[in-house]
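Written out below as structure tokens is the structure these notes cover.
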Amino acid sequence: MKIVHCSDLHLGKRVSGNKDYVNKRYRDFFIAFATFVDKVRELKPDICIIAGDIFDKKEINPDILSKTEYLFKQLRDNVKKEIIAIEGNHDNARILEESWLEYLQEQNILKVFYYNKDFEEKNYLKIDDVNFYPVGYPGFMIDEALTKLSEKLNPNEKNIVIVHTGISGGTNTLPGLVSTSILDLFKDKAIYIAGGHIHSFTTYPKEKPYFFVSGSLEFSNIQNEKSDKKGFILFDTDTLDYEFIEIKHRKRIKKDFSYTNFSDLENEFENFVKNLNLTDEEILVISMSVNNNDYINIENLENIAEKNGALKTYILIKNILNIGDSDESSSDLSIEEIEKNLINTWNISEIENFSKNFIRLKELFSNNDKDSFLELFDKTLEVNGDDN
């Protein structure tokens with residue numbers, strides 16, 4: 001049986017920026033999914049797995065639904081047996097009465113599964129000689145959920161697990177990530193675990209992997225995602241062979257820039273950008289170290305880059321603030337201002353939103369509003385995670 005596995009489509013995503021950039025990026029996610037559908041048309045797989053985050057938000061408008069339904073109908077026509085999808089954290093509908101994923105299921109386009117307390121019994125289907133266990137998005141319950149499922153699996157059968165998670169560790173602080181010690185429980189019990197949530201291609205273990213994250217089809221958090229490769233996985237349940245198949249997507253260029261003469265900074269930066277030979281379609285992500293207390297007008301640099309061929313430019317400033325060097329420097333600051341200055345040192349891409357969320361999280365925690373706290377905490381980490 002041939003299976004294709006993709007994840008994190010984030011259809012309908014709206015980014016901030018000028019009108020041209022916003023519209024292009026809105027279309028990018030549909031174009032990437034359409035490219036995937038074209039590849040599926042060539043491959044004619046038996047099964048298509050989508051491991052969460054079909055939509056970028058729980059609420060969608062008619063244009064998003066229309067484009068999504070059109071593409072999914074084409075996908076359905078080119079998958080021999082079944083499209084199996086799970087809910088991710090972005091399209092998680094626990095606060096809504098109904099999910100738009102249910103609508104797609106009602107149109108007989110796909111089968112969708114959600115994480116619930118009886119998932120190990122209810123979230124199951126058998127196709128030919130393969131058992132499929134679509135877990136969904138367990139969030140903070142990930143270790144408990146997968147441990148419970150691992151105890152159920154028969155190692156003498158072909159088992160495939162589908163779960164919206166990636167591997168925890170390093171600097172990645174996203175909620176809902178799984179440890180390798182939990183994944184080790186599935187050795188010799190699952191021939192394939194289809195993951196998501198993280199937007200870069202990942203496999204585990206290094207030798208003879210059985211856990212796979214396909215990554216997103218398009219950049220969702222373009223400033224922080226590690227890999228420039230986007231695509232999906234083709235897997236054979238008989239031979240256990242797999243292949244990562246790349247697809248075209250919006251081009252991102254990541255560069256480091258340093259200046260030699262602060263008084264001539266803008267000219268140096270303009271020459272730096274001109275040498276990149278941009279075509280008005282690339283997104284630039286520039287990491288820039290600042291000397292001493294030099295003030296950098298980021299908006300001016302972004303405008304220079306965009307006048308010289310960048311579709312959009314993000315400039316990430318390193319070491320712009322030093323906290324704690326002088327008691328005098330912070331003696332007149334409010335607690336909120338001190339917190340914001342501290343957050344500035346964490347190399348976070350959306351400082352203003354993160355600072356506001358940080359204050360709100362403290363309020364929710366003080367008021368013991370657990371549900372609202374966890375929802376906002378999840379959302380805050382998603383925006384600033386390395387790959388989500």
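The values are calculated or read from the model by the stated rules, or taken from the named source; none is laboratory data. Computed from a predicted structure; not experimentally measured. Every residue, glycine as well, gets a Cβ built from its backbone with ideal geometry; the counts of neighbours run over all protein chains shown.
Of everything listed in (1) more than 19 Å from GLY17 (Cα to Cα); (2) loosely packed, with under 14 Cβ neighbours inside 10 Å, the single unmet condition for MET288 is (2). Among the criteria (1) closer than 27 Å to VAL37 by Cβ; (2) assigned by TED's automatic domain parsing to the domain that holds CYS48, the one GLU282 does not fulfil is (2).
When ILE86, ILE64, ILE60 are checked against the criterion of being under 22 Å from ILE160 (Cα atoms) and not small (Gly, Ala, Ser), a single residue qualifies: ILE86.
In this structure, TYR295 does satisfy being hydroxyl-bearing (Ser, Thr, Tyr) and over 30 Å from PHE30 (Cβ atoms). Of the residues that make up region 63-74, is at least one modelled with pLDDT of 90 or more, buried (at least 19 other Cβ atoms within 10 Å of the Cβ) and touching a Pro at 6+ places or on another chain (Cβ under 6 Å)? Checked against the condition, which is being modelled with pLDDT of 90 or more, buried (at least 19 other Cβ atoms within 10 Å of the Cβ) and touching a Pro at 6+ places or on another chain (Cβ under 6 Å), region 63-74 yields no hits at all. Those residues that are out of contact with any helix residue (DSSP H, G or I) (no Cβ under 9 Å at 6 or more places or on another chain) and among the aromatic types (Phe, Trp, Tyr), I need them from region 195-209; list them, please. Correct list: PHE201 only. Screening the candidates LEU110, LEU43 for the property of being surrounded by 13 or more Cβ atoms within 10 Å (Cβ to Cβ) and over 28 Å from LEU177 (Cβ atoms) yields one hit, LEU43. The residues on offer are ILE60, ILE84, ILE127, and the sole one that is touching a helix residue (DSSP H, G or I) at 6+ places or on another chain (Cβ under 8 Å), assigned by TED's automatic domain parsing to the domain that holds PRO175 and touching a residue at least 12 places away in the same chain (Cβ under 8 Å) is ILE60.
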